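Report on the following structure.
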Amino acid sequence: MVSYTPICTVAEVEAYFKTTFSTTTDPTTAQVENWISNATALIYGAIQDIYIVPVTDEDDLAILKEICEAYVRDKVNYTRGANVYTIPKMNTNVPRTIKFDSFTEAIEMLKNGDIVLINTSASSITHVSDYNYTNSISAVAEKGVDQW
């Protein structure tokens, strides 16, 4: 399993929420670190066919950092119950699902070239699934001839 330096940090997430995480907070520092690792893996997994990863250019990392932080903020908000709505007649709170809309949209924009990392080299990886098999298949069976 490949391990990369996290794209965003706990300190950056803490700055957004104007709080600090610890072993006793909800979420804990370990949870936030895990979400950062997940976001980093998802981002690099999505762009590894387009760019050489890990990205090292500061300007390009700033773009990816915003995407990483958006993912982690959604997780923190969900854990803290910010994604809950109340059903008055039932006098209950119901958790919403995490949709990660902004994260998913940003990943798609990176993959489609709508967001470009201009200072990061293009990947030269070729995957087997990229190969076009259409013209390399030839028929073996013949019509009207016993095959077995």
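Looking at the stretch 1-60, which of the residues that are among the acidic types (Asp, Glu) and more than 23 Å from Phe100 (Cα to Cα) is surrounded by the most Cβ atoms within 10 Å (Cβ to Cβ)? Walk me through it before giving the result.
First pass over the stretch 1-60, keeping only residues among the acidic types (Asp, Glu): 12, 14, 26, 33, 49, 57-60.
With the extra rule that they be more than 23 Å from Phe100 (Cα to Cα), the set shrinks to 57-59.
Working: Asp57: 15, Glu58: 9, Asp59: 11.
Here the answer is Asp57.
Just the residues that are among the small types (Gly, Ala, Ser) and in contact with a Leu (Cβ under 8 Å, 6 or more places away or on another chain), please, taken from the stretch 1-52.
Passing the criteria: only Ala46.
Here are Ile107, Ile43: which of them is closer than 27 Å to Ser3 by Cβ, modelled with pLDDT of 90 or more and in contact with a Cys (Cβ under 9 Å, 6 or more places away or on another chain)?
Ile43
With the requirement that a residue be closer than 18 Å to Arg80 by Cβ, among the β-branched types (Val, Ile, Thr) and either free of Cβ contacts under 8 Å to residues at least 40 places away in the same chain or not in a helix (DSSP H, G or I) (or both), what does the stretch 1-57 give you?
Val10, Thr19, Thr20, Thr23, Thr24, Thr25, Thr28, Thr29, Ile36
Tally up the residues in the stretch 18-58 that are of a type outside the set (Gly, Ala, Ser) and farther than 20 Å from Asn112 by Cβ, please.
Counting residues in the stretch 18-58 that are of a type outside the set (Gly, Ala, Ser) and farther than 20 Å from Asn112 by Cβ gives 23.
The values are calculated or read from the model by the stated rules, or taken from the named source; none is laboratory data. Keep in mind that this is a model prediction, so the values were computed, not measured. Ideal geometry is used to build each Cβ from the backbone, glycine not excepted, and the neighbour counts take in all protein chains shown.
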